[in-house]
Amino acid sequence: MSTTLLVILVFATLMFVAAVIGRRSFHRLQGELGNLKTQLNKANKENALLMTELVQIKKKGGISESSVLSIIGDISRIDNNLYHMHDVPGRKQIQKSLERMKVTFQAEDYTLVPLLGTPYREGMQVSAVFVPDETLPLGRSIITSVQKPQVNRAGRMIQAATVTVGQNV
């Protein structure tokens, strides 16, 4: 009888410990989700401001190249944030809105060259900072962040990119 009681006590203790660990993990995950929601709300606000600015610029009949590069830089920053956020509510809506902004610039013959998440190759016309990333397969180099995007106008590069490359060599 005492062996059965001991087994029950050990089992109950283990269940209690598992419940405490589970509750802590749940609270930690809730905190992380809250942080991601805050970042997403901030990106939504930035996105709305950019869309408003684009509409106003179209009404004025044009925009300077330096303003275009500034707005495209903001679009790239939002792209960077979204690249590192996964399964966050509202993410798809922001991505669609960013695509609409890119299409607006394409109509004016500006192209934002997509580099984020692509393999880095020697000879690319970018300014790159390399950081070790052991999560990548051995010998792989991936562009993990774009500080300044490559912008082309009428097929000609008007701004070279500045990127961070994660690599496992």
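Observations, loosely collected:
- Computed helical MRE - 222 nm, the chain, DSSP H runs ≥ 4 contributing -39500 (n - 2.57), nearest 500: -20500 deg cm²/dmol
- The chain, relative contact order [Cα under 8 Å, separation at least 6], %: 19 percent
- Checking (i) -0.83, -0.96; (ii) -0.94, -1.02; (iii) -0.80, -0.87 against the coordinates, the calculated log10 I(q)/I(0) by the Debye sum over Cα atoms at q = 0.15, 0.16 Å⁻¹ falls under label (ii).
- Segment Val131-Arg91, extension gain: residue separation times 0.36 nm, minus the distance between their alpha carbons: 11.7 nm
- Each residue of segment 142-150 is assigned a 3J(HN,Hα), and the resulting list reads 10, 6, 9, 7, 10, 7, 9, x, 7 Hz, derived from the Karplus form 6.51 cos²θ - 1.76 cosθ + 1.60 (θ = phi - 60°), x at Gly and Pro.
- Stretchable slack from Arg156 to Asp109, in nm (0.36 nm times residue separation minus alpha-carbon distance): 15.9 nm
- 20 Å cut-off, amide nitrogen to a point 7 angstrom out along Met51 Cα→Cβ, residues in segment 102-119: 102-108
- Cα-based Lys proximity count in the chain, under 25 Å, for pairs eight or more positions apart or on separate chains: 27
- Accessible surface of segment 123-162, 1.4 Å probe: 51 percent of it comes from carbon and sulfur atoms.
- Accessible surface, 1.4 Å probe, highest first, among residues Thr144, Thr13: Thr13, Thr144
- Ratio of Rg to Rh for segment 86-153: 1.03 [Cα atoms; Kirkwood radius as inverse mean 1/r over pairs].
- Close amide H contacts of Gln159 (hydrogens built in the peptide plane, cut-off under 5 Å, sequence separation of 5 or more or a different chain): Val151.
- Solvent-accessible surface of the chain, taken per residue with a 1.4 Å probe and all protein chains present: 67 Å².
- Theoretical gain in end-to-end length, Asn81 to Val17 [0.36 nm per residue, Cα-Cα removed]: 19.4 nm
- Beta bridge orientation in the chain: antiparallel %, DSSP, nearest 5: 65 percent
The values are calculated or read from the model by the stated rules, or taken from the named source; none is laboratory data. Please read all numbers here as calculations on a predicted model, not as lab measurements. Positions of Cβ are backbone-derived with ideal geometry, glycine not excepted, and every protein chain shown enters the neighbour counts. Please note that ligands, DNA and RNA were not included when accessible areas were found on the heavy atoms of the full protein model with its side chains. Shrake-Rupley method; radii C 1.70, N 1.55, O 1.52, S 1.80 Å.
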